[in-house]
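Before any comments, here is the structure.
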Amino acid sequence: MGISHFGAISFTKAGDGTAAKATPLSASVLPVKAFIVQALSTNTSALYLGGSAVSATAAPTVGVKMNPADVVTFSKDKEVMGIADYDLSQFYFSAVKANEGVTVTYVQ
């Protein structure tokens, strides 16, 4: 994991070699206040971001489509939203091709 000058922590997560498998952003509970998911620019096809049912190959596909280098940001105001921290283990991605992935940057 790398640490940026903003106090955020980044890591890269690749699929396990199985195309279309739902891969969690974190293998264990990881509460965060905000996070950014960026599809790797080296990916050769789209991937999908969502919950445990996310699928790059279902018809229709399930999740938010992310082309190479696309970015999705999750942030909130807990006071307004009344929501606890995000848990990265509850967010998954599914890539059309094996070994493609994302970079996740988060703030605790």
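Taking the range 34-55 as the range and being touching a residue at least 60 places away in the same chain (Cβ under 8 Å) and crowded, with 18+ Cβ neighbours inside 10 Å as the test, the residues that pass are F35, V37, Q38, A39, L40.
Results for (1) closer than 13 Å to F91 by Cβ; (2) touching a residue at least 24 places away in the same chain (Cβ under 8 Å); (3) more than 10 Å from the chain's Cα centre (by Cα), shown as yes or no for each residue.
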site	(1), (2), (3)
A19	no, yes, yes
A22	yes, yes, yes
S26	yes, yes, no
V32	yes, yes, yes
T57	no, yes, yes
T61	no, no, yes
A69	no, yes, yes
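For the residues G82, G63, the requirement of being within 13 Å of V37 (Cβ to Cβ), among the small types (G, A, S) and modelled with pLDDT under 95 singles out G63.
The values are calculated or read from the model by the stated rules, or taken from the named source; none is laboratory data. It should be emphasised that the depicted structure is a prediction, and the values quoted were computed from it without experimental measurement. Counting neighbours? That spans all protein chains shown, and the Cβs are built from the backbone with ideal geometry, glycine included.
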